[in-house]
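Visitor: Have a look at the structure that comes next, please.
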Amino acid sequence: MSNPKIMILGTFHFETKEGTDIIKIQNENRQKELSEIINKISEFQPNKLCVELRPSEEEKYNKIFQEFLEDPTLDLNGKLGEYKIKGADYNITESTDERIKFAFDLGKYNRINYINCIDYFDGWSQPKVFEKAKEDDVAYKKLEDSYMRFANAFYSTFNESASIEKIFRFFNDKETNELQHSTSFLPFNEIGVGEDSVGVDFVASWYKRNLHIFSNLKSISKEEDRILVLYGAGHLKLLRDFIKDSLDLDYVEALDYLF
């Protein structure tokens, strides 16, 4: 018997609303590129698939997935309107969302007939920290400069001329993940002190969320499982660390399958 093997495929969120669809994920060429990602990552041969939705959504989500398996031409947008699958603090309304058609295609390709929802979300207080930082011009400038370090790296890669494969390689690179963590999360810890430590509260909530995700993942992990986790790449640094630090899980790098 062997430890469960866990692979996390860090992804960007497939926004298609006006003004946010830089990649135009709904286009035929982009869909072909996503199919290539599925072909490559499926060489891992997963027997379980997890997505960034809370367990409370799992039953409704899998009802749509089962209907999709029976009929790949299913009107997924219509089903999303009917079942009202909730993401963080919003309903998913478009099948282009990475947790819908892309995840469904991943599951179908690997003959997985049930997808696990392992997210945790109890709010997002980052905007409050930015507002607090504005009370000190120096602190705000430092926070903004740090945040923009990753933003600049992000937008230099995330553009309409970049291939999906290049984008996924960027998001699953360990250096990228650590840069995002050290520039876009940890610096918030310095905002506010004592009883007004809103920055510490935000960073603690980020760790808390990822610890809950990790706990949910462990709860569905069995010996000899090969689990593929499709998740926003911002989570990758902490989840990778938690899995690697665990004595009864083995971590597999997605990047090894993307070349």
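Visitor: What percent does the relative contact order of the stretch 87-227 come to when contacts are Cα pairs within less than 8 Å and at least six residues apart?
Guide: Relative CO of the stretch 87-227 lands at 27 percent.
Visitor: Take VAL229, VAL252, VAL200, VAL138 and sort them by solvent-accessible surface of the protein heavy atoms, 1.4 Å probe, largest at the top.
Guide: These residues rank, largest area first, as VAL138, VAL200, VAL252, VAL229.
Visitor: OK, next. List the lysines whose Cα lies under 17 Å from the Cα of LYS79, skipping any in the same chain that are fewer than 8 positions away.
Guide: Within the straight-line limit of under 17 Å, LYS79 reaches these lysines: LYS60, LYS63, LYS101.
Visitor: Another one. In square angstrom, rounded to the nearest 10, how much accessible surface does HIS212 have for a 1.4 Å probe?
Guide: 70 Å²
Visitor: Can you give me the relative contact order of the chain as a percent, contacts being Cα pairs under 8 Å and 6 or more apart? Don't skip to the end; give the middle numbers.
Guide: Numbers: 365 pairs, mean separation 102.2, N = 259.
That works out to 39 percent.
Visitor: For the stretch 1-133, with only Lys/Arg (+1) and Asp/Glu (-1) charged at the beta-carbon, what is the dipole magnitude about the Cα centre, in debye rounded to 20? Please report the intermediate quantities before stating the final value.
Guide: On the way: 19 positive and 24 negative charges, 72 e Å.
Rounded to the nearest 20 debye, it is 340 debye.
Visitor: What is the extension gain from GLU178 to ALA151, computed as 0.36 nm multiplied by their sequence separation minus the C-alpha to C-alpha distance, in nm to one decimal?
Guide: Fully extending the segment from GLU178 to ALA151 adds 8.4 nm.
Visitor: Measure up LYS174/LYS237; LYS108/LYS166; LYS40/LYS244 against 18 Å on the Cα-Cα distance and list the ones that go over.
Guide: Check vs 18 Å cut-off fails for LYS108/LYS166; LYS40/LYS244.
Visitor: Of VAL198, VAL229, HIS212, which is farthest towards the positive pole of the stretch 193-234's charge dipole, taken about the Cα centre with +1 and -1 on the beta-carbons of Lys, Arg and Asp, Glu respectively?
Guide: VAL229
Visitor: I would also like to ask the following. Could you give the size of the charge dipole of the stretch 120-207 about its Cα centre, using +1 on the Cβ of each K and R and -1 on the Cβ of each D and E, expressed in debye and rounded to the nearest 20?
Guide: It works out to roughly 300 debye.
Visitor: Follow-up. Please check: in the Gaussian network model of the chain (C-alpha springs, under 10 Å), which one of LYS24, LYS40, LYS128 has the largest mean-square fluctuation.
Guide: LYS128
Visitor: Based on the Cα coordinates of the stretch 1-140, what is the per residue volume of their convex hull in Å³?
Guide: Measuring per residue, one finds 173 Å³ for the Cα hull of the stretch 1-140.
Visitor: Let me ask something else. With each run of n ≥ 4 DSSP H residues scored as -39500 (n - 2.57), what mean residue ellipticity at 222 nm is computed for the chain after dividing by its residue count and rounding to the nearest 500 deg cm²/dmol?
Guide: Rounded to the nearest 500, the figure is -14500 deg cm²/dmol.
Visitor: Pick out which of GLU59, GLU195, GLU160 has the largest mean-square fluctuation in a Gaussian network model of the chain, springs linking Cα atoms closer than 10 Å.
Guide: Taking springs between Cα atoms under 10 Å, the residue moving most is GLU195.
Visitor: Hey, got the dipole for the chain? About the Cα centre, +1 on K and R Cβ, -1 on D and E Cβ, debye to the nearest 20?
Guide: 340 debye
Visitor: Among all helices in the chain defined by DSSP H, which have a length of 27 Å or more along the axis from Cα atoms plus a Kyte-Doolittle mean of at least 0.0?
Guide: On the way: long enough: 137-157 (30 Å, -0.55); 198-219 (31 Å, 0.05).
Membrane-span-like by this criterion, though nothing is claimed about a membrane: 198-219.
Visitor: Here's something else I'd like to know. Of PHE44, PHE259, which has the most accessible area with a 1.4 Å probe, and how do the rest follow in descending order? Before the final figure, lay out each step's value.
Guide: Numbers: PHE44 0, PHE259 150 Å².
The ranking, largest first, comes out as PHE259, PHE44.
Visitor: Convert each backbone phi in the stretch 46-51 into a coupling constant with the Karplus relation 6.51 cos²θ - 1.76 cosθ + 1.60 (shift: θ = phi - 60°), then list the ³J(HN,Hα) values in order as whole Hz, x for Gly and Pro.
Guide: Ordered by residue, 3J(HN,Hα) equals x, 10, 9, 9, 10, 10 Hz.
Visitor: Indicate the gyration tensor shape class of the stretch 146-240 (rounded, prolate or oblate), computed on the Cα atoms with a ≥ b ≥ c the square roots of the eigenvalues: a/c under 1.5 is rounded; otherwise a/b larger than b/c is prolate and the rest oblate.
Guide: Cα axes put the stretch 146-240 in the oblate bin.
Visitor: Where is the GNM fluctuation largest for the chain (alpha-carbon springs, 10 angstrom cutoff): PRO55, PRO127, PRO72?
Guide: PRO127
Visitor: In terms of modelled amide H atoms, which long-range or inter-chain residues lie less than 5 Å from the amide H of GLY232?
Guide: For GLY232, the qualifying residues are THR11.
Visitor: How high is the relative contact order of the stretch 1-154, in percent, counting Cα pairs under 8 Å that sit 6 or more residues apart? Don't skip to the answer; put the middle values down first.
Guide: On the way: 127 pairs, mean separation 42.8, N = 154.
The normalised contact order for the stretch 1-154 reaches 28 percent.
The values are calculated or read from the model by the stated rules, or taken from the named source; none is laboratory data. In this text the structure is predicted, and so the values were computed from the model without any measurement. Because the Cβ atoms are built from the backbone with ideal geometry, glycine has one as well, and the counts that use them run over all protein chains shown. Side chains included, ligands, DNA and RNA excluded: accessible areas come from the protein's heavy atoms. Shrake-Rupley method; radii C 1.70, N 1.55, O 1.52, S 1.80 Å.
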